Amino acid sequence: MVLALILGVFAGNVNAQENETAPDKIKIKTALSFSAGLLTENTQTIQLHGYIGVRPKQGRIELRGDGFYFVNSVGDRPRFTINHQLYAGAFYRFSDAQIQPYVGFQPGIAYAQSSEYGRFNEASNAVQYKKTINPVGSVTGGLDFFAEKLFFMFIETRYIFGKHKADSYPVFLDEWRFSFGLGFHF
Amino acid sequence: MRIFPLFILFFGLIHNGMSQELNPYLEKGDLSLGLRSTTSLFGHDNVPGLGTGGQFRLQLFDFLSTEWFADWITMDLQGAGTRNNAHIGWSVLFYPKKTEKFMTYLIAGHCFDYAEVTPLSTAFLDRTDERISRWSSAVQGGVGAHYFLSDRFNLTFSTQYMLHLGQHLDYELIQLADDSYYLETDHSSAAEEAIETHVLLTLSLNYRIADLW
C-alpha cells in the first residue's frame, strides 16, 4: 500500500510535464470494507479490508495497495490466530462508465500465526506458535459503482494462494474472499 | 567489475546496425518501479517455492536496461521443514529485436543469497537448534518478455536459471517408509563448496515513474 502511494506521488509529480499523469488528471480511490473469506473444511473468516488505488483518469491501469486485518475465523477448522495481509499490484478496468468491472493481480505478504501447530519450548515448558511472514499472491475481479461525485461502492472477490511456513507443520493460506464496501474517489 | 563494461561493449557491438529508434515504450533514462511474484523450481529438494519481491529498472541505453531486485522465497520441504531464501541482486537486460508492445529480452546478472533451513518441530519435540543458514553468492541468466499495457505500465515474465556459488547448506530430505519425510541437518561434517541450481519464474508489474535523462 505504501508502495502504491509512492508510485502515485512519483507518477503525479516527477513527470508532471507528461499530460497523461499530471496531478489534475490522476484519479485516487480509497475504500474500506469488511471482507468475508471461505477456507476449506467449512471454515469462514472475517477481515477488515482497506485499499488505495492510483491511476491516470484517462487510463485503464490502476496501481493499488490493499491491506487485510484479520478479525476472526469460525467453523470446523479455524486455523489461524493471526493472518494479516498486505498486497500491491495492478488492476485493469474494462470501462469508464458508471459501473466499472475490473480484474487484477497482486503479489503480497501474509503475517500469520497458526492456532494449531506449535513447537514445544523447553525453556518455558510451553507450546509456542511462531509468527512468520510468507509470500502470497492473489487474483481479483470486481465491480465499482460510481453513484456520487465523491463516493463509490465496490464489490469484489479474490483468490489468495500461499502457504504459512514456520517451525512446525505448514498450513495453506489459500482462501476465497468477498468484499463489499464504500470509498472515496478524487 | 570488469565484466560489466565488456558486457555493454559486446552487446553494443551486436546491437550496432539495428535501428536506433528501438521502441517508444523503452527509452534510455527510464526509471521504473515494480513488484514481482516468483516461483522457484527444480532446486535442492525439488519442491516449488513461492516468493514476493520488488525491483526497480534503470534503462541505460535503448537496447540495454538494468534491474535491481530483492525477493523473499519460502518453501515447504514436504512437511518436514521450511526453507527460506532471500535474494538481493541486479541483472542486465538486453533487447535484441525491435518490437512494439511485446518486447523480448535476454537477462543475466548476479545476486547475494541468504538461505535458512528449519526442521519441523512439534508440540512434543523442539528441533530449532538444528536450524542451519548461510550467505552465498549466485549468478543468474535467462530470457523474458515485457508486455506494455500502456506507455508507462508493463507486465513482465521471465525465466532464469540460477547457480549458487560457494558454501552449500548441508541437509537432506529423507523419505520414510510411510511416504512421509524427515529433514536431517547434518552438523557433523563441514559444508562443502558446491554448485546448487534452480529455475526462477518471475511475473512482475512495472510502472515508469521518471525519465532521468
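None of the figures in this text is laboratory data; all of them are computed from the coordinates on show. These numbers come from a predicted model, not from an experiment. Counting neighbours? That spans all protein chains shown, and the Cβs are built from the backbone with ideal geometry, glycine included.
Taking region A:59-107 only, how many residues are in contact with a His (Cβ under 9 Å, 6 or more places away or on another chain), part of a loop (DSSP other than H, G, I, E, B) and among the hydroxyl-bearing types (Ser, Thr, Tyr)?
The number of residues fulfilling the criteria is 0.
Of (1) without any contact (Cβ under 8 Å) to a residue 24 or more places away in the chain; (2) surrounded by 14 or more Cβ atoms within 10 Å (Cβ to Cβ); (3) more than 12 Å from chain B (Cβ to nearest Cβ); (4) hydrophobic (A, V, I, L, M, F, W, C), A:Val127 satisfies all except one. Which?
(3)
Filtering region B:72-90 down to residues that are at the interface with chain A (Cβ under 8 Å from one of its Cβ atoms) and not polar (S, T, N, Q), which residue is nearest to A:Gly118 (Cα to Cα)? Step through it out loud before you land on a result.
Going residue by residue through region B:72-90, those that are at the interface with chain A (Cβ under 8 Å from one of its Cβ atoms) are B:72-76, B:79, B:82, B:84.
From what's left, not polar (S, T, N, Q): B:72-73, B:75-76, B:79.
Numbers: B:Trp72: 23, B:Ile73: 22, B:Met75: 18, B:Asp76: 16, B:Gly79: 14 Å.
Across region B:72-90, the extreme among qualifying residues is B:Gly79.
Filtering region A:24-76 down to residues that are within 14 Å of another protein chain (Cβ to nearest Cβ) and of a type in the set (Asp, Glu), which residue is surrounded by the most Cβ atoms within 10 Å (Cβ to Cβ)?
Looking at residues that are within 14 Å of another protein chain (Cβ to nearest Cβ) and of a type in the set (Asp, Glu), I get A:Asp66.
Those residues that are of a type in the set (Val, Ile, Thr), within 14 Å of chain A (Cβ to nearest Cβ) and free of Cβ contacts under 8 Å to residues at least 40 places away in the same chain, I need them from region B:115-166; list them, please.
B:Thr118, B:Thr122, B:Thr128
Would you mention how many residues in region B:72-97 are among the basic types (Lys, Arg) and exposed (fewer than 14 other Cβ atoms within 10 Å of the Cβ)? If you could, list the steps in order and put the result at the bottom.
Keep residues of region B:72-97 that are among the basic types (Lys, Arg), which gives B:83, B:97.
Then keep just the ones that are exposed (fewer than 14 other Cβ atoms within 10 Å of the Cβ); that gives B:97.
Total meeting the criteria: 1.
Sort out which residues of region B:33-71 are farther than 23 Å from B:Thr197 by Cβ, within 13 Å of another protein chain (Cβ to nearest Cβ) and surrounded by fewer than 23 Cβ atoms within 10 Å (Cβ to Cβ), and write them in order of number.
B:Leu33, B:Gly54, B:Phe56
Considering only region B:121-130, I want to know if a residue exists there that is in a strand (DSSP E or B) and surrounded by 13 or more Cβ atoms within 10 Å (Cβ to Cβ). Walk me through how you get there before you give the answer.
So in region B:121-130, the residues in a strand (DSSP E or B) come out as none.
No, because not a single residue in region B:121-130 is in a strand (DSSP E or B) and surrounded by 13 or more Cβ atoms within 10 Å (Cβ to Cβ).
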